[in-house]
Amino acid sequence: MGEAVASYISTLSPVFFVSQVFTIVILTVFGSLIVVCACKGRSSLFDVLLYFPVGISVYALVSFALLVSGIKFGLLSVTVLCVLIAVAAIFMIVRKGWSVTGGFTGEQVIIGMITLLCISVISTSGIISVSVMNDSLYYYSMYPKALVHYGYLRPNFNVFLTDIGQMSALINTLPYMYGFNENFGILTCLNINTLLLFAYAVYECAIRYLGKKTAMVTSVMLTLVLVSSMPYVIMSKWMMSNSYFMCFMFICVYAAFRTGEDKDTAIPAGRLFIIGIMFSVLSFLRMEGCVIAIILVLCFSVLAFSNRQLTVTFLLPVIVIAAVYDIKVFLMMDIDAPYTFLTPAKAAIQMAALAAVTVYILLLRGRMPAIMDKRLDLIIPGGLVLVNILLCIYNPGRYLGNLKAFVYNISHRSGWGLFPMLLVAVYVLCFIVSCGKGTFGYTFWDMCLVSYLLTCLAVGFARGDALRESIGDSGNRVLLQVTILAFYAACVHVISALLPDVKGTAGD
């Protein structure tokens, strides 16, 4: 019997392999049309690195729209809508006379396609191993398969509707939609894509202050350190929503920083549109994603975005997605489960928080005393410290228990290895080296890192039960998601330490 099964699977493997490679290529081309159209026919290398994330983001958003609208979710409906979006992008590009290749030459396009094909083949070949667990199989394999099979959100999906980031589940419907049996290649390709973007981000930061060759060597070396770190290895190989969240969070934060750091440069609407697409997906990759998205918007408020840009690009899409989903699940369905992560009360708190941040952005930002506007980078984490203090006062037993689990997970190396000590050592050494040259300073990335860690503590409290010291505990996995962002924050200081005697900071 076992030989028969193995023989049957061996006949399917080449088909699955080709189907997944083809899907990755098509999603990247699909994303390229949207990015090129948004950028008015001009793409930089940075834009190229957004092609695949944008492609899977639009697929997830289209799928989500079908499910919450009650239109049957299936191969025909998803494909037709995605094709219509691609055709609309091509029509706009042709009508405006923009370059469909993003301004790249034919030779560059061919090299790019060969590179894409190589990455797709490597990602799908199984050369890079992956890890799975019960949640991988039930939440991100069985549930996506059920979505494709039924084509609608159903009350009997039960905790799948309240405990799972729906965007992660929808990305994982790709195998069952387009004829292969697992999503390992999609996640691996996204990880490779994110690594390339990380290397580019380090190079782009370094090239401002260092020579081209030095910047390139710095980028390669720091990327290799990241790749070899235990938390990155664990997160990149783990078939869970946390891996998607880690990648998308860094991509979104860096894209927002890169776009909004210069207060003297106008921000193109197309660039905001691209970031908004990915940020919308980020907010629903995990159930606590909406809360983290709120904190990130506050962090983005220290950049050069206008109040309207922050609201339309980041807040409005999240509000619409959260509101539509909450109405669909809690008002139109009857979820009967002994335990659910997302409850009507938590959903109401999320919407209230989104409303409060929207009011702040539209009515208060830029109208507060000058000292407060200038020190938002300290006020935001300070406010999160206050929130955590209030949670501790409300239920000291649970809060302190969670804090103990967080500390033990990091200090006892539950998936962290030497990474925390590496970060501490980098900050201490860079402080010592840079202080004498006047190049060390508190950066945007430090603010994001501190704010995220404080948010993790608050989100862990909202889980309702105590966190545990375990590599697989959800609280620890949420912490591990910050790996790339945390390492990039340290990289900014490394680059500062390499500078000659120049006042200022590379990350400011």
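The values are calculated or read from the model by the stated rules, or taken from the named source; none is laboratory data. Since the structure is predicted, the reported quantities are computational estimates derived from the model, not experimental observations. Cβ atoms come from the backbone with ideal geometry, glycine included; neighbour counts cover every protein chain shown. Areas reflect the complete protein model, heavy atoms only, side chains present, ligands, DNA and RNA absent. Shrake-Rupley method; radii C 1.70, N 1.55, O 1.52, S 1.80 Å.
To the nearest 500 deg cm²/dmol, what mean residue ellipticity at 222 nm is calculated for the chain from DSSP H runs of n ≥ 4 alone, each contributing -39,500 (n - 2.57), summed and divided by the residues?
Taken over the chain, the calculation gives -22000 deg cm²/dmol.
Check each of the trypsin sites (Lys or Arg not before Pro) in the stretch 316-389 and keep only those in coil by DSSP with at most 14 other C-beta atoms within 10 angstrom; list them in order.
Sparse-neighbourhood loop trypsin sites (Lys or Arg not before Pro): ARG367, ARG375.
Limiting things to C-alpha atoms, what are the Rg and the maximum Cα-Cα separation (Dmax) for the stretch 11-91, in angstroms?
Cα-based Rg and Dmax for the stretch 11-91 come out at 14.1, 45 Å.
Please report the relative contact order for the stretch 228-352, taking Cα pairs under 8 Å with a sequence separation of at least 6, and give it as a percent rounded to a whole number. Mind showing how you got there, number by number?
Working: 79 pairs, mean separation 29.0, N = 125.
So the answer I get is 23 percent.
Pairs of alpha-carbon atoms within less than 8 angstrom and 6+ residues apart define the contacts here; what relative contact order does the chain have, in percent?
Worked out over the chain, it gives 16 percent.
Under a 5 Å amide H to amide H cut-off, with H placed in plane at 1.01 Å, what residues pair with TRP238 once short-range neighbours are removed?
SER131
May I ask you to give the percent of accessible area on the chain that is carbon plus sulfur, with a probe radius of 1.4 Å?
Exposed carbon and sulfur together represent 72 percent of the surface.
Give the Kirkwood hydrodynamic radius (Å, one decimal) of the stretch 289-416, defined as one over the mean of 1/r across all pairs of different Cα atoms.
17.2
If you filter the stretch 234-274 for trypsin sites (Lys or Arg not before Pro), then keep DSSP loop positions with at most 14 other Cβ within 10 Å, what is left?
LYS263
Applying the Karplus parametrisation 6.51 cos²θ - 1.76 cosθ + 1.60 with θ = phi - 60° to the phi angles of the stretch 425-430, what ³J(HN,Hα) value in whole Hz is obtained for each residue in order, glycine and proline being reported as x?
The phi angles translate into 4, 4, 5, 5, 5, 5 Hz.
With only alpha-carbon pairs counted, each pair once and no self-pairs, how large is the Kirkwood hydrodynamic radius of the stretch 162-226 in angstroms?
It works out to 14.1 Å.
Cβ neighbours within 10 Å, averaged per peptide: list 446-455, 98-107, 116-125 in order, most packed at the top.
Highest mean packing first, the order is 446-455, 116-125, 98-107.
Using the heavy atoms of the protein chains alone and a 1.4 angstrom probe, what is the accessible area of the chain per residue in square angstrom?
Details: 21730 Å² over 508 residues.
Accessible area per residue, the chain: 43 Å².
Under the definition of Cα pairs under 8 Å and six or more residues apart, what whole-number percent is the relative contact order of the stretch 311-436?
Rounded, it is 16 percent for the stretch 311-436.
When the C-alpha atoms of the stretch 96-211 are aligned to their principal axes, what extent does each axis show, in angstrom, from largest down?
Answer, in whole Å and largest first: 57, 37, 30 Å.
Within straight cross-link reach of LYS328, meaning Cα distance under 21 Å, which lysines are found once same-chain residues fewer than 8 apart are removed?
Those lysines meeting the cut-off are LYS72, LYS145, LYS346.
Across the stretch 356-367, in residue order, what do the Karplus-derived ³J(HN,Hα) couplings come to in whole Hz, using 6.51 cos²θ - 1.76 cosθ + 1.60 with θ = phi - 60° and x for Gly and Pro?
In residue order, the calculated couplings are 5, 5, 5, 4, 4, 5, 7, 10, 10, 4, x, 10 Hz.
For semi-axes √(5λ) of the Cα gyration tensor in Å, one of [x] 33, 29, 25; [y] 47, 29, 20; [z] 42, 29, 22 was computed from the structure I shared and the rest are decoys. Which label?
After the calculation, the listed value that fits is [x].
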